[in-house]
Each structure stands twice: as C-alpha cells, then as structure tokens.
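Asks: Before I ask anything, here is the structure I am working with.
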Number of protein chains: 2
Amino acid sequence: MQGLINLERVGILGPRGTHSEAAAIRLNKILSLDRELVICAGIFEVLAAVENGELDAGFVPVENSLEGSVNITLDTLARSNSLVIYREFIWTVHNHLMAKDGVKISDVKKIFSHPQPLSQCRKFLQQTFSNVELAETTSTSRAAEIAASSELSDGYAAICSERAGDLNNLVMLASEIQDNDANRTRFFEVRRRSTKKSYVTTGDKILIICQIDGSHAGSLCEVLKEFAFRHVNMTRIESRPARTELGEYIFFFDLENNVDRRTLNDALGGVKRKSIWLKDLGTFPVISC
Amino acid sequence: MQGLINLERVGILGPRGTHSEAAAIRLNKILSLDRELVICAGIFEVLAAVENGELDAGFVPVENSLEGSVNITLDTLARSNSLVIYREFIWTVHNHLMAKDGVKISDVKKIFSHPQPLSQCRKFLQQTFSNVELAETTSTSRAAEIAASSELSDGYAAICSERAGDLNNLVMLASEIQDNDANRTRFFEVRRRSTKKSYVTTGDKILIICQIDGSHAGSLCEVLKEFAFRHVNMTRIESRPARTELGEYIFFFDLENNVDRRTLNDALGGVKRKSIWLKDLGTFPVISC
C-alpha cells in the first residue's frame, strides 16, 4: 500500500487513448517509472493543476513536426512564474487502421478519425480506400469508440493509436499507415520550480523565454550574438504575441547545453541585460523514441 | 452592366457576418473599391482559388495580436510559388452584444458566441452578466442566427460583429464590450504574381520567407546581420516547421521598406546566399483602421 499511496500523479491531456496518453505510457516504460496518469480537460488545466500543487507533474505537447507549436503550452509557460521543464520526450506518432474483430480490410465502408490523422494518412487512404467514406471525429479515441460500438455489417474502421484500439477491443487492419515518417511530437514534463527534484543544472537542453525591447533585426541579432559568440547552439527560436500590442513579441529560445555552466550563465546574463524580462525554464534531459 | 461584369472577385473566409467579412467590407469602403466578396469554405480554399485564377484576389487573416499567427495562411504562402501580397490591412476587432428587437439588457438569460470573443469579453461578462449562462458556438455569425431565431421570452443574446447583427436584424444592447483594445488582426490581400497589377516595388513593407541551413543561433544571426547593418527594420520574425524533420524550420521576416531599393536588394541577396531557398512575397502598403 505504501507504494500505491506514494505514486506520483502526472497530468495528461484526455481522453484516454489519445497520443498524449500513449506517449506518457511509453515514457513511463522507458524510464521504469510507476506513476499515475491523471486525465485533465485540457493543456491549460494540466499546467494549472501542477502550479497549484494538485499534481506532481504535467506531461504536455509543445511542438509537432508537421503542425508546429502548441500555442497554449507556450503561452501558459510564458505567463507562469512557478513552472520549470523537468524533461523532454520526443515521440514518433504512429497511426493504425483498426476495427472490430471480424471486420476485414475488404469489408471497410467508412473510416473515422480526427482531421489531423485523416490528413496525415491521405496517401494510404487514396491508394487503398479511394471509394470509402471518411468521417471526422473530435479525437482518435472517439473514432475507436464509434468503430467499437458499430455492427460488423456497418464496416466501420478507425484511424487511431494502438492504445485507443486496445481500450476498445479493436484489432489491427493495417499498421503504420501515416504518409510521412517525420511526424513527431515533442512533449514537456513540467514541475513546480519549488520542488527540490524539479530543477537540475545538468541535462541536454535549456529553454529561455524573454521579451526583447523592440523586435527589429538589430535587437534580436544582438541577443543571438550572446549565444553565437560563446558557441551556445540554439536549436529553435519561436515568437508569440506579448498580448500588449500588435507587433510586440516574446521569444522562446531552445538551447543546447553544450558549453560549461559559467559560459552559459554569461550568455544568459547578456541576454537578460538586453531584455525587458527573461525566464529560465530550466535545464533538462531529452529522451527520444 | 459593364461595371458589374468587370467587378473584381475577392475571396474571403465564410460565413457572412464574421470579422473577415466585416474587415473586407471596411477595406473596400476606405479605398472606395467596388468589389464582389466571394465566400469560401476556408483560408486554404481562398488561396487555392486565387492561385488557379478563379478569383482575382484573396483576403485572409495572418496574425491576431492576442492569438498569434494564422498558421494555415503562413504555410500556404510558404508553399506557393505564384502568390504575392498586394496590401496589408490592420483591423481592430470590435465585439458587441446584440439581440432581437424587444430584448432588453435586463431580459438577457443566455449569451451565445464563439469561444474567442467569449474569452475576450470576460471582464464585461463577469461585471454585467455574472449569473447569465454562456454558450459556445462555431462562429459569431452562428451566435447571431441563434439569437435571431429565438423567442423574446428566451432572453437570448449574441456577441458578434455589427455586420452579423445587421444581417440577422439584431439590435445593439452594448457596444465595444471587449476587455482589451489591443485586439487587432492583420489581413493580407493576396494576388497572383503573374498579374500585372499584383507586384509593386513601392510600399510600406516586404515579406520574405526562407529556409536557413541550420537554425542555430549563429546562422540565424548571420541572416539578421544582413538586415541590421544596412538598417533595414524588421518588424517581425516567425518560424514554422519545414515539414521535413523535427527541428528544421522556415522563417518569415516582415521588413519595413525604409531603405533604398538597391540597399534592400543587397540585403536580400545576402540572405539568399545564406539560405537554402528564399521567396520574396512582394512589397506592399499597410492600411490601418
């Protein structure tokens, strides 16, 4: 019982069976962590529950290689003073065609899924199911539920994660049907800054958020120079509205932790002097799968 | 009749009564243009119809001061070789509370709108309607339709544009109810590159899209230096996934047309040499309202 009581509670975006849950389960397995995954209504709700201490950690998507940034994650991190990034997980999105046991590929008359997987599997669908009706659902989990509750004679199938299919007792008709192997999603595991284990200074990457006075080429270039001449590698720059006035932005810099701590601190000090404000969201390891 | 036949056809995002239509009508009025506004199913459809010659121009949102970039607009422009920006229009979003004639403020029992205006009018709603039920709709136009088709005794009202209210014969209960005056949206009027009147070299701004070899601080800084040391002002930088591999990006640079053409061409030449590819989306005037 002791172990059960002490299980860490990690918030994820629901419903069960989505790629968020599949990724969180996979991360737990890779790291041999026994943690409870708590379904929340949305990304904002996950992060708010971590901030107010209801949850030990949150596991939220931050970027997809095809769709780009997850804005609600970036905006919430930028506005919080208490959240830090504990680790990053890069997850390759796998889509499968699944149906009730007894439905064969040749029986399929209608395929359900979220618009994103439907678009990501377009080539497969055109080649194999050019005359089959496609129907959009609010999530891949919902698509799996619809397939599960249909009659065999309906010929319904769903494009979903293996986890969603398993939860609904579906069987695999075709696996890995996505057009593009580069469909990968980055997740952040986020914790409160105050918790002792949440903040480390070793790791693969650093996330910095800052607002620069004037977003013109000169001032941004001055900031980038602080990294460049110290050979701090930047893997990503992203801007989001400062929400004060059109034309004012905050910047997200993903940095590699590839220099010694003193040089890095010098770079951050330099950026801070050239910024209206700067937040260091922590140094964290990157796990890829 | 001659005039009617020659009316330019400009594609906009539907349905009628949305802020896109309200902005397009306002722009026509400011410039004294007599043009037909053609409702399209989505932003991609607007731009595709301009590309294939079905429409003379497209009028699409590109950025909101609170919500950030409109990704489908950026991604479609980046992938097209035939579209250029003809003008930019900056529109201040106005939200109003409107209802059927006969419904008074004190009668209101339920307020309908799209989630975005509901969130943008939160303070007003909390102060004036703390006990009134709020209901989400797919668009502000839909909210106006629901209010219009209700019984007076229902006490339904909608948060919508004045145009949506007018189309549904609603009257104004409270005007300009948004919390933040900084809620502004940038629109691009887009045309085919080949049409003679589409491409000018005078104007207020220039949009450049390019993919830089390696998105690390050093290479981006090298590109920004091409603008900075020639005093070309950059008003915005945005990145989007290159859709090849996680961690590869294309960049959008909004530049002020504040130097002579030769200096600007030198800067673009310098950026081009440091890029995998570069597209010049044109020089265009900015109209603000």
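The values are calculated or read from the model by the stated rules, or taken from the named source; none is laboratory data. Predicted model only: the values in this text are computed from it and were never measured. As a convention, Cβ positions derive from the backbone with ideal geometry for all residues, glycine included, and neighbour counts pool all protein chains shown.
Asks: Can you find a residue that is closer than 28 Å to A:Ser288 by Cβ, among the hydrophobic types (A, V, I, L, M, F, W, C) and in contact (Cβ under 8 Å) with a residue 60 or more places away in the chain anywhere in the stretch B:239-247?
Replies: No.
Asks: Which one of these does A:Ser130 not meet: (1) touching a Lys or Arg at 6+ places or on another chain (Cβ under 6 Å); (2) free of Cβ contacts under 8 Å to residues at least 40 places away in the same chain?
Replies: Single failed check for A:Ser130: (1).
Asks: Among the residues of the stretch A:190-198, is there at least one that is more than 9 Å from chain B (Cβ to nearest Cβ), surrounded by 18 or more Cβ atoms within 10 Å (Cβ to Cβ) and modelled with pLDDT under 85?
Replies: yes
Asks: So, one more: Does any residue of the stretch A:237-250 turn out to be touching a Cys at 6+ places or on another chain (Cβ under 9 Å), more than 13 Å from chain B (Cβ to nearest Cβ) and under 25 Å from B:Leu246 (Cα atoms)?
Replies: The answer is no; no qualifying residue exists.
Asks: Also, quick follow-up: Which of the helices (runs of 4 or more DSSP H) contained wholly in the stretch B:14-107 include at least 3 residues that are of a type outside the set (D, E, K, R), more than 14 Å from chain A (Cβ to nearest Cβ) and more than 19 Å from B:Asp204 (Cβ to Cβ)?
Replies: In the stretch B:14-107, the matching helices (runs of 4 or more DSSP H) lie at B:19-30, B:43-51.
Asks: Pick from B:Arg262, B:Arg230: which is in contact with a helix residue (DSSP H, G or I) (Cβ under 9 Å, 6 or more places away or on another chain) and either at pLDDT 90 or above or not polar (S, T, N, Q) (or both)?
Replies: Only one candidate qualifies: B:Arg230.
Asks: Within the stretch B:77-111, track down each residue that is surrounded by fewer than 22 Cβ atoms within 10 Å (Cβ to Cβ) and without any contact (Cβ under 8 Å) to a residue 60 or more places away in the chain.
Replies: B:Arg79, B:Ser80, B:Gly102, B:Ser106, B:Asp107, B:Lys109, B:Lys110 - these are the residues of the stretch B:77-111 that are surrounded by fewer than 22 Cβ atoms within 10 Å (Cβ to Cβ) and without any contact (Cβ under 8 Å) to a residue 60 or more places away in the chain.
Asks: For the stretch B:119-188, which fully contained strands (runs of 3 or more DSSP E) count at least 3 residues that are surrounded by fewer than 19 Cβ atoms within 10 Å (Cβ to Cβ), among the charged types (D, E, K, R) and at pLDDT 90 or above?
Replies: none
Asks: If you don't mind, another one. So A:Glu151 passes all but one of these: (1) within 16 Å of A:Val103 (Cα to Cα); (2) in contact with a strand residue (DSSP E or B) (Cβ under 6 Å, 6 or more places away or on another chain). Which condition number does it fail?
Replies: Condition (2) is where A:Glu151 drops out.
Asks: Just checking, how many residues over the stretch A:112-138 are touching a strand residue (DSSP E or B) at 6+ places or on another chain (Cβ under 9 Å) and under 13 Å from A:Asn95 (Cα atoms)?
Replies: 11
Asks: Next question, about the same structure. Go over the candidates B:Glu133, B:Glu151, B:Glu145 one by one and state the one that is within 23 Å of B:Ala24 (Cβ to Cβ), of a type in the set (Asp, Glu) and away from chain A (no Cβ under 14 Å).
Replies: The conditions single out B:Glu145.
Asks: Here's a follow-up. For the stretch A:200-288, give me every one of the strands (runs of 3 or more DSSP E) that falls completely inside it and has 3 or more residues that are surrounded by 20 or more Cβ atoms within 10 Å (Cβ to Cβ) and aromatic (Phe, Trp, Tyr).
Replies: Counting at least 3 such residues, we get A:249-256.
Asks: To continue, here is another question. Mind checking which pairs have a first residue in the stretch B:31-57 that is in contact (Cβ under 8 Å) with a residue 12 or more places away in the chain and a second that is surrounded by fewer than 18 Cβ atoms within 10 Å (Cβ to Cβ) and of a type in the set (Ser, Thr, Tyr), Cβ under 6 Å, 6 or more apart or different chains?
Replies: Listed pairs, sorted by first residue: B:Glu51/B:Ser82.
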